[in-house]
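Have a look at the structure below before the remarks.
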Amino acid sequence: MTEQINIEKSERMDKVPVKKQKKVNEFIYFAIRNNKLKIGLGIVLLFILLALIGPLFAKYDWNAYIGPMSQPPSREFWFGTTTFGQDVYTQFVLGLRATFLVGIIGGGLGTLIGIIIGFVAGYRGGIVDEVLNVLTNVVLVIPTFALLLIVAAYLKVRGIMIESIFIGLTAWPWAARAIRAQTFSLRSRDFVDLARMSGMKPLKIIFTEIAPNMMSYLLMTFILQFGGAILIAATLDFIGLGPTNTISLGLMMNYAVMWGALQFGNWWWFVPPGFAIMAIVGSLYIMNVGLDEVFNPKLREM
Amino acid sequence: MLKLDKISKVYSTGTFGGKLLPAVVDVSFDIGEGEVVSLIGESGSGKSTIGKMILRLITISSGKIIFNGIDISTFKKNTLKSYYKEVQGVFQDPFSSYNPIFKADKIFTIIRQEFFPKMKDKEWEEKVDSSLKAVGLNPDQVLNKFPHQLSGGQLQRFLIARALLLDIKFLVADEIISMLDASTRVDVLNLLAELKSRGLSILFITHDLSLGYYISEKAIILYRGSVVEMGNTEKVYSNSLHPYTKMLMASVPRLDKKWEEVEVELKAKQIENTIGCVYYDRCRVPDKDAGCAGSRPPLIKVEQDHFVACKHCMKE
Amino acid sequence: MSLQTKNLRVYYQTLRGDVKALDDVTFNIKDGEIMGLAGESGCGKTTLANSIIYLTPPMKYIDGSVELDGEELPIWDIDSMNTFRYKKVSIIPQYAMNAMNPTRKIGKMTEELLVSKKISYKKTKAELDRRLDLVELKNDILGMYPIELSGGMKQRMVLVLSTLLNPSLLIADEITSALDVSTQKAVAEMLVEFRNRKIVKSMIVITHDISILYQIADSILVMYAGKLAEKASTEVIIHSPMHPYTRLLISSLPKVGVKYSEKKLTGIKGNTPLLFNPPVGCRFKDRCPVAFDKCIKEPPFIEIEKGHFVACWRECERNA
Amino acid sequence: MRRYFGRKIVVYLSTFFLAVTIDWAIPRFMPGNPILNLLTRVAGRPETVQHMYNYYSRIFGLDIPVWKQYINFWIALFHGDLGTSVLMFPQKVTAIIMRAVPYDIFLLVPAILLSFYAGNKFGAFAARTKWLDNTVLPLGYMLTATPYMWLGILLAWSLGIVAGIFPIAGAYGFNLQPSLSWVFILSLLEHWFLPFVSLFLVYFGGWAIGMRNMIIYELEADYSHYLEALGAPRSLVRKYAYRNAILPQITGLALQLGVVVAGALVTEVVFSYPGIGYWILQAIQNQDYFLIQGCFLFIIIMVLIANFIIDIVYVIVDPRTRLGMVGGSA
């Protein structure tokens, strides 16, 4: 999608040539016929909608002990209540918001760092590439979760922001590597040499010649980083290293286990948060496969 | 106008325990104004590397390239830009020379942005039209189109037109017709010849001997990064002396003559004699000797405008 | 008669509709004949090759027939073609350089391929060694991985592999284009040698380089835009071609000894047509210097002299 | 090949160096004073306060220059000294870790190996089979997107609490002592099963989809088309594609190890399984920084070793690396 938009932007043209329209058409043709893309996107949008408007229907404070304890879902408490009598629905929709926030900030930051390092390493090559390569590989083999764990353990006050930023700071190596490889192969294409022979500056070459060719790829990278960040955040939250001042889906599961939801059979407390994460991240992945098939003719079903 | 003085290129394959790979070794030649020089060699001979070094797309490991008396490695931002105003290149793969998601004209737009930012629209359009006409393209048919809407031949001419927008004196044409269909090849080749008659100097890089003969007055035969034979095209072709050149001449498929019975080399080119003659491992000259293996023969003048790097070949 | 195709039509299915890549193709190849197939890119050469051995989507069989040694090939049926592939008709693909599994030793791969076709490797081994010898490869190559071989070696290995079961017909698709001239010559001559030793009965050699065909082919078939233009013996095609396209094609080739300053060659003006909706009538008429009103109709591919087939109204009229 | 390993070793050494440095730096440069935090925690036990105060001062002591603290940290590390646990005072951190490790191995090794085998087989089987690709593979995506702990919680709740088939806490029955008796071994397996299954399932989903994506590329590769053109049966083509597709999966295993370990940690938390993950949670809840640091370093070292083993395996199975042609892509 972005690739097409980009063509639109960078070329000031009055009349649309036939072929170009065909290209856009081809994309749409395959996009609307791709069930993976449609279903994945549909589910993700559904949850985004819930995260956006869900809190408007919440009647209580997520942390307040407002009602009877351990109530199953009812008309009054849509998702039931916790062992302390907190409203699970409120926690859930606010947790969803937190989840998307982590995805956007953490995944976005991870993608951004990946793009910068990938572009620089792939375009410059040589010793710069070697050094960045070692750096990437070092961060890649560090179990980043363990790193996050030790950082989080020492931070007394933690918000969603801090958590997202740390996740973004450790999640980029994948993206960097993949983008480096792409940049590297594009860089050796003759049109880049031609741009250099026109006296263009490297930064301009990267942004006007190389990046536009990778838009679909960058989009897919972001989707993967987005899903990854959500999963990491949930895991951190679950062992009590998540935000200290708000609720999240991971924290809900943490509290549920800590305060005996299993033993009391309060399934409504721990089922929704995990399910939402699984559905969102899983749909993102499926959507990604769909996009891959749309962009890459080789993968289309025969 | 352009002089290569013992230029070499060594690739190193990585920082950690890397190997050094010589791609071009001590190559010297010069190209005068309005002259077409063919640089002929098989894959891996270093011919494209030389072209890219002239275009400042890769660095030179040692030696100098002198353009109108100035060492091109000294060019910095602005001087480099004025160098590119006079020296341009066209490459083998027409489709790779265009960014596939943009229209083909983009290469013109870049030239305008970088070299003629102040030019008026009208004036620019006229300039583009005249340079398209100069390469035999109809502006209406080729402007405002995506690369895949044009044929290989059109794309290559389009690239030449791009170079003509600048005030070029020298063109590196790197295998520019090897990916074109037979029916359009000759037209592009003729176009080069025409540009030459207008005073443009051209380095014509090719692996196809017949193309080299058709267009150039000077031919350079390259083998594994070294010049083995060079000189006036007719002399190099009709009086080939180096065993490599002879082997090449005999292997070329011709339309006027069936293949001659010449031993062709089948072994992988793995064994490499690094200090002696580059062709030592494959050479079948009966009197090749320890001297050939021990030291690299220099280019020796055999006649006016004809040099060969083999001491056993001149006696004939 | 080794190979006989009749009115073969194969299209490519695309979003924009069918590409008529092979339209009404009728020709035959005699036993022992090496037929060169020439034409510009996109004229249907590779489609023809694949149609005869490996017709898969997006290629679509429309109609027509292919007979090999008097037996009809079920080219439209991927599975039943399997009995003919390799044993009767075989191919050296365009991508021969990457045709071998990179993580298998060559010998092992050969063995597994033969076993999968229910052929004993042990019994074939002696012949395999002889063939390797014939193409001047040492037989320890069988213990190597493809990556250890040079381009020419891979090309020759695939030649041996593809012809191991003495197929009746071998299709060699652009096998020399990626090679250096010196290796090119060797590989091309090996093709002839394989035919001479009757390892392969007949061959289709596809290339865009007519001068190679002049060296090795017995006959040449020229295609243009999915149709047959001309077929005749090599000498006739090169020295007295009839179809205007063939003539222009041959006269545009630079030869060693021809110089721009002495003899200016000319190309063919215009471009090959797109095959979504090819021009009506003769597909070459828009580029043809001798086209006339009759070219609005499609010219038949007919035998004008013995063994010389042409699809051109001018030639028809001259001979009529 | 030398270059390949040379590169790897540079990466491993840099990683180790960096990890140790982070481990050393964080308590010293983070906001707040860890010594005070710790002392408030143990304030109730006066007999240890003095002892611990001295101990901490020695470690964090401001009288020693920073670079000396750093060097001392390394020296202690090479002596296998990761400090003393606060939570389990006066036990050494290394001793606690060593006691926990067998449980981790017992859980992780079978889960990784079995899921790798089964997931790859399944992914290859499903690829390019239209109905499987459309029905079963989305399940794979969902599995790999499942938070480890959630699957653990679900299993513990359904099979443990509701159905009452499996125990949901500890490594063996509370009334048992470790011994080589059948009762004990049975109890071990019983307690092992649920954490194992929850890890296995999530890993399985990951391998299955990874293989599915890889093998599609291999089936479209030139060598596959060549075999098909020669009429080789589908089984041979698929066999080759599978073998080649498994190679990037092995690299994938190396890269995924961090995630794999994280999954094991939280699963252990859910099931109170006494591996490293369990101790990390205890350490975090009790602010036992030495134990956290120790576990962190231990995980790093283990992951690096595992990575190295995978690298060696890779070189053995892929002739292209052996021949030194693609060694560059470390």
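Table: residues versus (1) facing another protein chain (nearest Cβ under 7 Å); (2) over 27 Å from residue B:160 (Cβ atoms); (3) β-branched (Val, Ile, Thr).
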residue: A:179; (1), (2), (3): no, yes, yes
residue: A:187; (1), (2), (3): no, no, no
residue: A:190; (1), (2), (3): yes, no, no
residue: A:197; (1), (2), (3): yes, no, no
residue: A:200; (1), (2), (3): yes, no, no
residue: A:203; (1), (2), (3): no, yes, no
residue: A:209; (1), (2), (3): yes, no, no
residue: A:213; (1), (2), (3): yes, no, no
residue: A:217; (1), (2), (3): no, yes, no
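Residues of region B:206-223 that are surrounded by 22 or more Cβ atoms within 10 Å (Cβ to Cβ) and more than 18 Å from residue C:253 (Cα to Cα): B:218, B:219, B:220, B:221, B:222, B:223.
Before we move on, is residue C:34 out of contact with any helix residue (DSSP H, G or I) (no Cβ under 9 Å at 6 or more places or on another chain) and open to solvent by less than 10 Å² (accessible area, probe 1.4 Å)? When the stated conditions are applied, residue C:34 does not pass them. Only a single item in (1) within 14 Å of chain A (Cβ to nearest Cβ); (2) crowded, with 23+ Cβ neighbours inside 10 Å; (3) touching a residue at least 24 places away in the same chain (Cβ under 8 Å) is not met by residue D:150, and it is number (3).
Residue by residue, here is whether (1) touching a Leu at 6+ places or on another chain (Cβ under 8 Å); (2) not charged (D, E, K, R) holds:
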residue	(1), (2)
C:6	no, no
C:10	yes, yes
C:13	no, yes
C:36	yes, yes
C:61	yes, yes
C:91	yes, yes
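Where strands (runs of 3 or more DSSP E) sit wholly within region B:1-81, those with at least 2 residues that are in the same structural domain as residue B:206 (by TED's automatic domain parsing) and farther than 30 Å from residue C:256 by Cβ occupy B:2-12, B:20-31, B:62-67.
Residue count for region D:78-98 satisfying the condition of being over 22 Å from residue D:273 (Cα atoms) and surrounded by fewer than 17 Cβ atoms within 10 Å (Cβ to Cβ): 5. Within region C:187-210, the residues that satisfy the criterion of being within 14 Å of chain B (Cβ to nearest Cβ), outside any loop (DSSP other than H, G, I, E, B), surrounded by fewer than 21 Cβ atoms within 10 Å (Cβ to Cβ) and out of contact with any Phe, Trp or Tyr (no Cβ under 9 Å at 6 or more places or on another chain) are C:190, C:192, C:193. Looking only at residues of region B:155-183 that are polar (S, T, N, Q) and open to solvent by less than 20 Å² (accessible area, probe 1.4 Å), we find that the one that is nearest to the other protein chains (Cβ to nearest Cβ) is B:183.
If the condition is being surrounded by 22 or more Cβ atoms within 10 Å (Cβ to Cβ) and either modelled with pLDDT under 80 or among the hydrophobic types (A, V, I, L, M, F, W, C) (or both), then region A:263-277 contributes A:268, A:269, A:270, A:276, A:277. Out of region C:305-320, which residues are surrounded by fewer than 18 Cβ atoms within 10 Å (Cβ to Cβ) and not in a loop (DSSP other than H, G, I, E, B)? Hits for region C:305-320 are C:305, C:316, C:317, C:318, C:319. Taking the condition of being open to solvent by less than 60 Å² (accessible area, probe 1.4 Å) and either more than 14 Å from residue C:155 (Cβ to Cβ) or not β-branched (Val, Ile, Thr) (or both), how many residues in region C:127-138 meet it? Of the residues in that region, 7 qualify. For region C:160-186, the tally of residues that are assigned to a loop (DSSP other than H, G, I, E, B) and within 14 Å of chain B (Cβ to nearest Cβ) stands at 7.
Where helices (runs of 4 or more DSSP H) fall entirely within region A:83-194, those with at least 2 residues that are modelled with pLDDT of 85 or more are at A:88-124, A:126-141, A:160-171, A:173-187. In region D:201-212, is there at least one residue being buried (at least 19 other Cβ atoms within 10 Å of the Cβ), over 21 Å from the mean Cα position of the chain (by Cα) and within 14 Å of chain C (Cβ to nearest Cβ)? No: region D:201-212 contains no residue that is buried (at least 19 other Cβ atoms within 10 Å of the Cβ), over 21 Å from the mean Cα position of the chain (by Cα) and within 14 Å of chain C (Cβ to nearest Cβ).
In this structure, is residue B:206 facing another protein chain (nearest Cβ under 9 Å) and polar (S, T, N, Q)?
Judged against the criteria, residue B:206 is not a match.
Looking at region D:106-116, is at least one residue free of Cβ contacts under 8 Å to residues at least 12 places away in the same chain and open to solvent by 40 Å² or more (accessible area, probe 1.4 Å)? Yes, region D:106-116 has at least one match. Pairs linking a residue in region C:20-45 that is polar (S, T, N, Q) to a residue that is open to solvent by less than 10 Å² (accessible area, probe 1.4 Å) and in a strand (DSSP E or B), with Cβ atoms under 9 Å and 6 or more positions apart or on different chains, are C:26/C:5; C:26/C:8; C:28/C:3; C:28/C:5. How many residues are open to solvent by 10 Å² or more (accessible area, probe 1.4 Å) and within 7 Å of chain A (Cβ to nearest Cβ) if we restrict to region B:81-98? Within region B:81-98, residues that are open to solvent by 10 Å² or more (accessible area, probe 1.4 Å) and within 7 Å of chain A (Cβ to nearest Cβ) number 3.
Looking only at residues in region D:237-247 that are touching an Asp or Glu at 6+ places or on another chain (Cβ under 6 Å) and at the interface with chain C (Cβ under 8 Å from one of its Cβ atoms), the one that is nearest to residue C:104 (Cα to Cα) is D:244. Might you let me know whether region A:280-292 holds any residue that is among the acidic types (Asp, Glu) and surrounded by fewer than 22 Cβ atoms within 10 Å (Cβ to Cβ)? Taking every residue of region A:280-292 in turn, at least one turns out to be among the acidic types (Asp, Glu) and surrounded by fewer than 22 Cβ atoms within 10 Å (Cβ to Cβ). Taken together, the residues in region C:242-274 that are more than 9 Å from every other protein chain (Cβ to nearest Cβ), part of a loop (DSSP other than H, G, I, E, B) and open to solvent by less than 20 Å² (accessible area, probe 1.4 Å) amount to 1. Among the conditions (1) away from chain B (no Cβ under 11 Å); (2) within 21 Å of residue C:25 (Cα to Cα), residue C:286 misses just one, which is (2). Out of (1) within 10 Å of chain D (Cβ to nearest Cβ); (2) in contact with a helix residue (DSSP H, G or I) (Cβ under 7 Å, 6 or more places away or on another chain), the odd one out for residue C:66 is which? It is condition (1) that residue C:66 fails.
The values are calculated or read from the model by the stated rules, or taken from the named source; none is laboratory data. Computed from a predicted model, the values in this text were never measured in an experiment. Counting neighbours? That spans all protein chains shown, and the Cβs are built from the backbone with ideal geometry, glycine included. All accessible areas refer to the heavy atoms of the entire protein, side chains included, with ligands and DNA or RNA removed. Shrake-Rupley method; radii C 1.70, N 1.55, O 1.52, S 1.80 Å.
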